[in-house]
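Please read the structure below before turning to the comments.
The values are calculated or read from the model by the stated rules, or taken from the named source; none is laboratory data. Remember, it's a predicted structure, so these values are computed and weren't measured experimentally. Positions of Cβ are backbone-derived with ideal geometry, glycine not excepted, and every protein chain shown enters the neighbour counts.
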Amino acid sequence: MRQALEGSQAIAQAVALCRPGVVAAYPITPQTHIVENLAKLVADGKLKCELVSVESEHSAASVVLGAAAAGVRAYTASASQGILLMAEVLYNIAGLRVPVVLTCANRAVSAPLSIWNDHQDSMAVRDSGWIQLYCADNQQAVDTTIQAFRLAETLELPVMVCVDGFVLTHTLEPLDLPEQAQVDAFLPPYRFSRVLDPHHPLTLGTLVSPDDYTEVRYAHHRAMLRALDVIPEVDAAWQQITGRSTGGLIAVEGPEEARVGILTLGSVFGTLADARQLADAPVKLIHLRSFRPFPVAALQRACQGLTELIVLERAFSPGAGGIVGAEARAALMELEHPPRVHNFAVGLGGRDVPLEILERLLAATGSEPTRFAIFDVDLSRLPEEER
Amino acid sequence: MSTQEISLEELRQRQSRFRGLEAGHRACLGCGQALAARWVLEAAGPDVVVANATGCLEVFTTPWPESAWRVPWLHSLFENTGAVAAGLEAALKVQGKTAKALAFAGDGGTFDIGFQALSGLLEREHDVLYVCYDNEGYMNTGVQRSGSTPHAAATTTSPAGRARLGKRHLKKDILAIIASHHIAYAATASIAYPEDLKRKVRQALLITGPTFLHLHAPCPLGWGHDGSLSVEVARLAVQTGLFPLIEMERGQVIGVMPLRTIRPVADYLKLQGRFGHLFRDDPRAREELEHLQALADHNIEVFNLRADRPDPADSEGADTVRRGRRRF
Ligand SMILES: Cc1ncc(C[n+]2csc(CCOP(=O)(O)OP(=O)(O)O)c2C)c(N)n1
């Protein structure tokens, strides 16, 4: 049913439709509305689950780990400092191959303190072994949240659904919330192959010597690569039921014959899509929905025929440069005629990404490729010696 | 690793004494924790799910692909055991299962790094029995001081030397902190008194809600005594008053194990290398000894440990007697 909902409210309802057994979370802006909405659903008797209001994000992640291992669907959400505080547990969940779902309401990381949106938090845990899916709008946030549970449980891998803080979480958008019956048809009851059960006692989380460690890591990597097939399959199954696709690994918009492409993650995609339509610009917009696993082949396909690729990202590695940019460049090197890659960090700590950005980006492709630059740095705001 | 479906009833019949922790693990000779964990599970039975913190107990029982556990068991990290156990419990509850969630952690995982998660577990009243296996130091990483290391004990990070006489700070009074969470049951126990220990486990498991057991478990390697003396050392800790065996309900002391023969702390300390420096000919060492004796005396007064008259129920040692409450 089409309705206008705030992103957080829509995500909470999507989670509830998945019938989680345990939800654990700790408040942090801009994730708070998600858990507050879930708490309200529980209080109203609309969602029957154990809601564990923990004393920290470290514990939130630990509670869902324990719950999922003991046999129930489990969900948590966080952002920024919370994601970093969880980091140790995130690696642990992934290494144990426990299928939980987490919403990251993307926010900058302190210092300097900022509650506003960028992707430094989820990028900081990109190597933790979680699947990471980015959402371009709130419809995608709803659909991806529901798909995430099926993905996680199929692959026994945790899934992080990345949703831009404020830009999506606090924005009212018209969207379709699926019916309970649709979700029930799509998402089978929770199952975990190594469930902790006194009738069938298993030991989880053992000490692994160098004889086996490499193989366990290999198996994890393989499972992540298998997700490259399963992510589009799950999206296709969702499309069969609802008629909506989120693009699978990568979504492409714009003319096939375009020579210039822009690769981005999250809500900036929506801004660029509007700008492209307004200017009727001949650019291909590429949304990297799956950042982990990194869809090398799909990206190569999407970039076939491009001469210029602009990679826009909302985080970077100080002293090195773009994160997505470096990975995209490496992937495209394998093409016979790789596009030139221009890599920019934009929208840091909530800096607005206006419609006019498209025009300025396109202008930038006229000169030598920028290996990496932070877009729109206003040097006049810095003391002389820092410029 | 192959496992086999077997009913709990069948399991109980096959093993008159349930062994949740099997022999063949890799603990040191005389490891107090190994003994303690075996007894805890003997009392708790098979219908449990265990969350275990990083530490010796975790490491010596689960070198992949082996496991000494006959109960479902999950090790996640060092400091999150309280939270993992809370997750287990929430999931068991949602599924309507009868199994009880247990949390096992060392003193480092309890007093120090895992304290926040433990406090949260107690405050939120999860139905979990949390067992702290207290060997008074970070033993897994090679005997470093913890918040539980007793005053004046030497560890690798609180060594005894010319300028310092071991740990400068006091052992944290964890039970008092636990008690201030108003939980229904908290107790101390020792591997020297197995029947008392097991009774306390059963007592705790009768309660729905968080319960806490603080188990004193000597570590021959870290404490510097012969492995054959672990039980003796543990007994002396109790008999000197340094580790009183007490039970608390909702923050009130409701039972203590009385001491018929109170031993001087020196009897306990001199068996252990970690206190060896206190027996040097040095006035500061003598002062520390007096200090430790005063701590023991304080416990004896505060908890009224002196068994001033023979207890009719006291046939053997002090280990089966409780004041004011029935025997299990
Ligand atoms: C976050 C973190 N910090 C440090 C460690 C290293 N470490 C592993 S076990 C341990 C000490 C365990 O001490 P305790 O809890 O007392 O258990 P014991 O080994 O003495 O039984 C330490 C410091 C770790 N695993 N994780």
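Scanning segment A:57-81 for residues that are surrounded by fewer than 24 Cβ atoms within 10 Å (Cβ to Cβ) and more than 10 Å from chain B (Cβ to nearest Cβ) yields one hit, A:GLN81. Answer yes if at least one residue in segment B:165-185 is within 14 Å of another protein chain (Cβ to nearest Cβ), more than 16 Å from the ligand (Cβ to nearest atom), more than 16 Å from the chain's Cα centre (by Cα) and at pLDDT 95 or above, and no otherwise. Yes, that holds for at least one residue. With respect to A:PHE344, determine if the residue is within 24 Å of the chain's Cα centre (by Cα), modelled with pLDDT under 95 and in the same structural domain as A:GLY321 (by TED's automatic domain parsing). When the stated conditions are applied, A:PHE344 does not pass them. What pairs come up if the first residue lies in segment B:49-69 and is at the interface with chain A (Cβ under 9 Å from one of its Cβ atoms), the second is surrounded by fewer than 19 Cβ atoms within 10 Å (Cβ to Cβ) and in a strand (DSSP E or B), and their beta carbons are under 7 Å apart, counting only those six or more places apart or on different chains? Listed pairs, sorted by first residue: B:VAL59/A:LEU207; B:THR62/A:LEU207; B:PRO63/A:LEU207; B:TRP64/A:LEU207.
Out of segment B:72-101, which residues are crowded, with 24+ Cβ neighbours inside 10 Å, facing chain A (nearest Cβ under 7 Å) and among the β-branched types (Val, Ile, Thr)? Listed by number, the list holds a single entry, B:VAL84. For segment A:360-380, the candidate set comprises residues that are of a type outside the set (A, V, I, L, M) and surrounded by 13 or more Cβ atoms within 10 Å (Cβ to Cβ); within that set, the residue that is nearest to A:ILE323 (Cα to Cα) is A:PHE372.
Mind listing just one residue for me: the one in segment B:107-161 that is polar (S, T, N, Q), more than 26 Å from B:TRP39 (Cα to Cα) and within 12 Å of the ligand (Cβ to nearest atom) and, of those, nearest to the other protein chains (Cβ to nearest Cβ)? It comes out as B:GLN144. Among the residues of segment A:36-53, those identified as of a type in the set (Asp, Glu) and away from chain B (no Cβ under 14 Å) are A:GLU36, A:ASP44. Residues in segment A:22-74 that are touching a residue at least 60 places away in the same chain (Cβ under 8 Å) and in a helix (DSSP H, G or I): 4 in all. Here B:ILE113 passes the criteria (1) of a type in the set (A, V, I, L, M, F, W, C); (2) touching a residue at least 40 places away in the same chain (Cβ under 8 Å); (3) surrounded by fewer than 22 Cβ atoms within 10 Å (Cβ to Cβ) except the one numbered (2).
Give me a count of the residues in segment B:277-304 that are closer than 18 Å to B:LEU236 by Cα and either of a type outside the set (Asp, Glu) or surrounded by 14 or more Cβ atoms within 10 Å (Cβ to Cβ) (or both). If you could, list the steps in order and put the result at the bottom.
Taking segment B:277-304 as the starting set, the residues that turn out to be closer than 18 Å to B:LEU236 by Cα are B:278-279, B:289-301, B:303-304.
Right, trim to either of a type outside the set (Asp, Glu) or surrounded by 14 or more Cβ atoms within 10 Å (Cβ to Cβ) (or both) and you get B:278-279, B:289, B:291-300, B:303-304.
Of the residues in that region, 15 qualify.
Out of all the residues in segment B:148-180, which are surrounded by 18 or more Cβ atoms within 10 Å (Cβ to Cβ) and either under 30 Å from B:VAL128 (Cα atoms) or of a type in the set (D, E, K, R) (or both)?
B:SER148, B:THR149, B:PRO150, B:LYS167, B:LYS171, B:ILE174, B:LEU175, B:ILE178, B:ALA179
Residue-level analysis places A:ALA4 outside the set of residues that are closer than 21 Å to B:GLU89 by Cα, modelled with pLDDT of 95 or more and of a type in the set (A, V, I, L, M, F, W, C). Within segment B:274-288, the residues that satisfy the criterion of being under 21 Å from B:CYS219 (Cα atoms) and in contact (Cβ under 8 Å) with a residue 60 or more places away in the chain are B:ARG274, B:PHE275, B:GLY276, B:HIS277, B:LEU278.
Scanning segment A:195-251 for residues that are outside any helix (DSSP H, G or I) and more than 9 Å from chain B (Cβ to nearest Cβ) gives A:GLY243, A:ARG244, A:SER245, A:THR246, A:GLY247, A:GLY248, A:LEU249, A:ILE250, A:ALA251.
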